[in-house]
Amino acid sequence: MIADDFIGTTPDGAVYSKAELFEYVKSYNEELISLVTDEWKVRVYGDAAVVTARNTRKVKLEGKEVTSQDRFTDTWIKRDGSWKCVAGHNSTVPQK
């Protein structure tokens, strides 16, 4: 689902490739307790689509439960009959 030429952007403006994304996922050392994705919006423009949503994540980090939220925007294109994510951007939702 992730295109080979994928490019992502973090909340602090750093960019990463598909390979770097997979390395990050492999090294992830927090214990995921729950992940809820809501407020989905999908807009399709022919062979392109923009997806936005909100993640609410609860993890155990150094023995403590931590809840955080982020919003993301992913750009998808239809290539050779299947949808591939070519770009993603995440923004952290400030905690109140």
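List pairs: first in the stretch 52-65 and touching a residue at least 24 places away in the same chain (Cβ under 8 Å), second outside any strand (DSSP E or B) and surrounded by fewer than 15 Cβ atoms within 10 Å (Cβ to Cβ), Cβ under 6 Å, 6+ apart or cross-chain?
The qualifying pairs are Val59/Glu30; Leu61/Glu30.
Being surrounded by 14 or more Cβ atoms within 10 Å (Cβ to Cβ), farther than 23 Å from Pro94 by Cβ and more than 13 Å from the chain's Cα centre (by Cα) narrows it down to one residue among Ala19, Ala49; which is it? If you could, list the steps in order and put the result at the bottom.
Details: Ala19 fails: surrounded by 14 or more Cβ atoms within 10 Å (Cβ to Cβ).
Ala49 is the lone residue from the list that is surrounded by 14 or more Cβ atoms within 10 Å (Cβ to Cβ), farther than 23 Å from Pro94 by Cβ and more than 13 Å from the chain's Cα centre (by Cα).
If the Cβ limit is 8 Å and pairs must be 6+ apart or interchain, which residue in the stretch 17-33 that is within 21 Å of Cys85 (Cβ to Cβ) pairs with which residue that is among the charged types (D, E, K, R) and modelled with pLDDT of 90 or more?
Going by the 8 Å Cβ cut-off, the qualifying pairs are Lys18/Asp4; Lys18/Asp5; Leu32/Arg57; Leu32/Lys58.
Can you report the number of residues in the stretch 53-86 which are surrounded by 11 or more Cβ atoms within 10 Å (Cβ to Cβ), of a type in the set (S, T, N, Q) and either in contact with a His (Cβ under 7 Å, 6 or more places away or on another chain) or under 19 Å from Val42 (Cα atoms) (or both)?
4
Sort out which residues of the stretch 68-96 are of a type in the set (A, V, I, L, M, F, W, C) and closer than 22 Å to Lys58 by Cβ, and write them in order of number. Before you say what the answer is, go through the steps one by one.
Going through the stretch 68-96, the residues of a type in the set (A, V, I, L, M, F, W, C) turn out to be 72, 76-77, 83, 85-87, 93.
Passing the criteria: Phe72, Val93.
Please pick out the residue among Val93, Val66, Val59 that is closer than 23 Å to Phe22 by Cβ, touching a strand residue (DSSP E or B) at 6+ places or on another chain (Cβ under 8 Å) and not hydroxyl-bearing (Ser, Thr, Tyr).
Details: Val93 fails: closer than 23 Å to Phe22 by Cβ; Val66 fails: closer than 23 Å to Phe22 by Cβ.
Only one candidate qualifies: Val59.
Can you name the residue in the stretch 49-96 that is β-branched (Val, Ile, Thr) and under 21 Å from Ile33 (Cα atoms) and is also modelled with the highest pLDDT among such residues? Lay out the reasoning, then the answer.
Residues of the stretch 49-96 that are β-branched (Val, Ile, Thr), as a first pass: 50-52, 56, 59, 66-67, 73, 75, 77, 86, 92-93.
Of the ones still in play, those that are also under 21 Å from Ile33 (Cα atoms) are 56, 59, 66-67, 92-93.
Details: Thr56: 97, Val59: 93, Val66: 92, Thr67: 94, Thr92: 94, Val93: 94.
Of everything passing the filter in the stretch 49-96, Thr56 is modelled with the highest pLDDT.
The values are calculated or read from the model by the stated rules, or taken from the named source; none is laboratory data. Please read these numbers as outputs of a predicted model, since none were measured by experiment. All Cβ positions, glycine included, derive from the backbone under ideal geometry; neighbour counts span all protein chains shown.
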